[in-house]
Amino acid sequence: MKKILGINCSSKVEKVLADLIGEKGQMEYEPFHDRMVLEGYQMVVLEMGRKEEQTVQQIRKLRYACNFQNIPIVLIHGRKKYFSSQPYMIAGATEVLSIHDPSAACRQIINGHLIPSREPLAEEFEYLEPFIKNTCHILQTMASIDVKFKEVYFSNAIRIFGDVSGIMGLSGNADGTLVVTFFWDLAKMVVAKMMGMEEENVDAELIHDGVSEFINMISGSTKREFVGKPYHFEISLPSVVVGPGHQIGHLQDTSVAVLIFQVGVHCFALHVCIKPKEHRVNT
């Protein structure tokens, strides 16, 4: 049975969730705190507080605690007046629902988010393995950092919930994008190790340059392994985007493989979206 965590939920919201989820999920409840552990949960439901900024900060911390796993965060409220959901979505909420919304629609939305992510096919691992290997190798050799590959899932979303992303456009025999995403603390540590500096001396400009160089090295080393194969690509100049909840454009009708890597208690993600030209369907 799927485990769902309800946070700061009143008895009224608990009753609504029991009706919406029924026997499809096992609900657990606890108050919000700064050291939330979300491992093992398939969904998080947070009841909106009275203060917008406090709720926004809670969502950001919950998204950070997800460690890039595909865990939907549903914000639920009891307000009847219209208000903008944008601040909560930017912070990392997946959905914003009201207890006054039609129950059938809410039930359909929640059940949709409880559908498991697709596992990679064997042939998909053929092109993902070089990215996994080279990402680990670069961090180990260039920064002396122990890193392990944790998991992969496929997503059609273009929202990325880290703080800084390095982006590489791919073209040639195969088109696509390659994106590495960090939360700020891990990005600072990785860049400091790569540059042989103390973390306190690493500023935003150095993080920008370091993340750009990191995605460049992953792309370049993996490109060489695909020579003569359908996935062989050419690379562009890397770019960097900073800010929570930023969006990255990927190829239309192409799934994005999200590879999660772990460094100590922190994680980062590599988003691989690549499609050989000869595999496309002409329309």
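Here, each number is a calculation from the coordinates, and none is a lab measurement. Remember, it's a predicted structure, so these values are computed and weren't measured experimentally. Cβ atoms come from the backbone with ideal geometry, glycine included; neighbour counts cover every protein chain shown.
Taking K and R as +1 and D and E as -1, what net charge do the other residues with C-beta under 13 Å from the C-beta of L75 add up to?
-1
Considering the dipole of the range 2-113 built from charges on the beta carbon (Lys and Arg +1, Asp and Glu -1) around the Cα centre, which of G49, Q26, Y64 is farthest to its positive end?
Selected residue: G49.
Convert each backbone phi in the range 147-152 into a coupling constant with the Karplus relation 6.51 cos²θ - 1.76 cosθ + 1.60 (shift: θ = phi - 60°), then list the ³J(HN,Hα) values in order as whole Hz, x for Gly and Pro.
Calculated HN-Hα couplings, in order: 9, 9, 6, 9, 6, 9 Hz.
With a cap of 14 neighbouring Cβ atoms within 10 Å, and only residues DSSP puts in a loop, list the GluC sites (Glu not before Pro) found in the range 160-225.
Numbers: sites: E198, E199, E200, E205, E213, E225; in loops: E198.
When the GluC sites (Glu not before Pro) of the range 160-225 are filtered for loop state and at most 14 Cβ neighbours within 10 Å, E198 remain.
Scan around E151 for amide H atoms under 5 Å from its own, H built in the peptide plane at 1.01 Å from N, and keep only partners 5 or more places away or cross-chain.
When sequence neighbours closer than 5 places are left aside, the close amide H contacts are I260.
Could you give me the radius of gyration and the Dmax of the chain, taking only the C-alpha atoms into account and expressing both in angstrom?
20.2, 61
Using the Cα centre as the reference, give the magnitude of the dipole from point charges on the C-beta atoms of the range 122-279 (Lys, Arg: +1; Asp, Glu: -1; all else neutral), rounded to the nearest 20 debye.
Numbers: 11 positive and 20 negative charges, 66 e Å.
I would put it at about 320 debye.
Provide the descending list of Cα extents for the range 191-283 along its principal axes, expressed in whole angstroms.
Extents along the principal axes, in whole Å: 53, 30, 26.
May I ask you to order 119-128, 9-18 by the average number of other C-beta atoms within 10 Å around their residues, highest value first?
Ranked from most to least packed, the peptides come out as 9-18, 119-128.
Quick one: among G166, G228, G176, which has the greatest mean-square fluctuation in a GNM of the chain with alpha-carbon springs under 10 angstrom?
Highest fluctuation of the listed residues: G228.
So who's got an amide H within less than 5 Å of the one on L46, skipping anything under 5 residues away but keeping other chains? H placed 1.01 Å off N, in plane.
Those lying under 5 Å, H to H, from L46 are I7, V74, L75, I76.
Of A257, S236, L270, which is farthest towards the positive pole of the chain's charge dipole, taken about the Cα centre with +1 and -1 on the beta-carbons of Lys, Arg and Asp, Glu respectively?
A257
Magnitude of the Cβ-charge dipole of the chain, K/R +1 and D/E -1, about the Cα centre, nearest 20 debye?
840 debye
Among T254, T177, T222, whose mean-square fluctuation peaks in a Gaussian network model of the chain (Cα, cutoff 10 Å)?
T254
What's the extension gain from R35 to S84 if we count 0.36 nm per residue and subtract their Cα-Cα distance?
Here the answer is 14.8 nm.
So how do S239, S165 line up by other beta-carbon neighbours within 10 Å, fewest first?
The most exposed by this proxy come first: S239, S165.
Excluding L38 itself, calculate the net charge of residues whose Cβ lies under 15 Å from the Cβ of L38, where each Lys or Arg counts +1 and each Asp or Glu counts -1.
So the environment of L38 carries a net charge of +2.
Looking only at N67, N111, N134, which one moves most when the chain is put into a Gaussian network model with springs between Cα atoms under 10 Å?
So, out of N67, N111, N134, the one fluctuating most is N111.
So if I restrict to the alpha-carbon atoms in the range 122-279, what is the Rg, and what is Dmax, the biggest pairwise distance, in Å?
14.8, 48
What nm distance separates the two modelled labels at M1 and L121, each placed 7 Å from Cα along Cα→Cβ?
Each label point is offset 7 Å from its Cα along the Cβ direction, giving 3.6 nm.
Using per-residue counts of other Cβ atoms within 10 Å, averaged over each peptide, order 97-107, 264-274 from highest down.
264-274, 97-107
Can you check what the net charge comes to around R60, using other residues whose Cβ is under 13 Å from the Cβ of R60 (Lys, Arg +1; Asp, Glu -1)?
Working: positive: K61, R63; negative: D34, E52, E53, D163.
Local charge sum for R60: -2.
In whole Hz, what ³J(HN,Hα) sequence does the range 109-118 give by Karplus (6.51, -1.76, 1.60; θ = phi - 60°), x for Gly and Pro?
Values, residue by residue: 5, 5, 4, x, 6, 8, 5, x, 5, 6 Hz.
Quick one: what does P(r) look like for the range 2-113 with 10 Å bins over all Cα pairs, in whole %?
The distribution over the range 2-113 is 14, 53, 31, 2, given as percents.
Multiplying the sequence separation of D146 and Q108 by 0.36 nm and subtracting their Cα-Cα distance, what value in nm do you get?
Length difference between fully extended and current span is 9.5 nm.
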